[in-house]
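For reference, the structure is listed below as structure tokens.
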Amino acid sequence: MNRAERKQANPDLGVMAGQVLFSLQKELFGALAEQGHPALRPRHGAVMAYLDEAGSRATDLAQQSGQHKQVIGTLVDELVELGYVRREPDPRDRRAKLVVPTDLGLDQMVKSDAIVADIERRHAEAVGEEAYAAFKRVFRRVADRQRRGLP
């Protein structure tokens, strides 16, 4: 059995996480396009998935998404141009800026949450509510350990 066949038969964590991510992104962004958001791309999720309705600092978005601040800055520039967010002074620190969703951004956030909730509901129905809840608990623990660099 060659490496590709082994990965197919017994995929490792990275392969499975990638398969889930790419499949979920394809469904999510396809549905968003059908619901009035055709310009968004999966890369925009590094901002939109973590953006607070009241606004977020770019540094917080970078930390939460695991992306470099420069990448987040580029994505925010794109989202400003597309009309999903705007930059405003942070009322707690006038030197800092907040990335704030526009009405279009808020609409996308609501629709995205509903689409992902539907995807999760379907998985829970397919494998059972308890099994899916246990999977999410374990996956969250694994993701947290990986993010923190624990052995």
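Structural remarks
- Residues in segment 114-151 that are under 18 Å from the mean Cα position of the chain (by Cα) and either of a type in the set (Gly, Ala, Ser) or not in a helix (DSSP H, G or I) (or both): ALA114, ALA117, ALA143.
- Residues of segment 114-132 that are surrounded by 11 or more Cβ atoms within 10 Å (Cβ to Cβ) and either of a type in the set (A, V, I, L, M) or closer than 19 Å to ALA39 by Cβ (or both): ALA114, ILE115, VAL116, ILE119, ALA124, VAL127, ALA131.
- Looking only at residues in segment 94-147 that are among the acidic types (Asp, Glu) and without any contact (Cβ under 8 Å) to a residue 60 or more places away in the chain, the one that is nearest to GLY45 (Cα to Cα) is ASP113.
- Against the test of being over 30 Å from GLN146 (Cα atoms), β-branched (Val, Ile, Thr) and buried (at least 17 other Cβ atoms within 10 Å of the Cβ), the options VAL85, VAL47, VAL99 yield a single qualifying residue, VAL85.
- Filter result (among the hydrophobic types (A, V, I, L, M, F, W, C) and out of contact with any Phe, Trp or Tyr (no Cβ under 9 Å at 6 or more places or on another chain)) within segment 37-50: ALA46, ALA49
- Within segment 24-66, being part of a helix (DSSP H, G or I) and touching a residue at least 40 places away in the same chain (Cβ under 8 Å) holds for LEU24, GLU27, LEU28, ALA31, LEU32, HIS44, VAL47, MET48, ALA58.
Laboratory data are not the source of any read-out in this text; all were calculated from the coordinates shown. The shown structure was predicted, so the numbers you read here are calculated from the model rather than taken from an experiment. Positions of Cβ are backbone-derived with ideal geometry, glycine not excepted, and every protein chain shown enters the neighbour counts.
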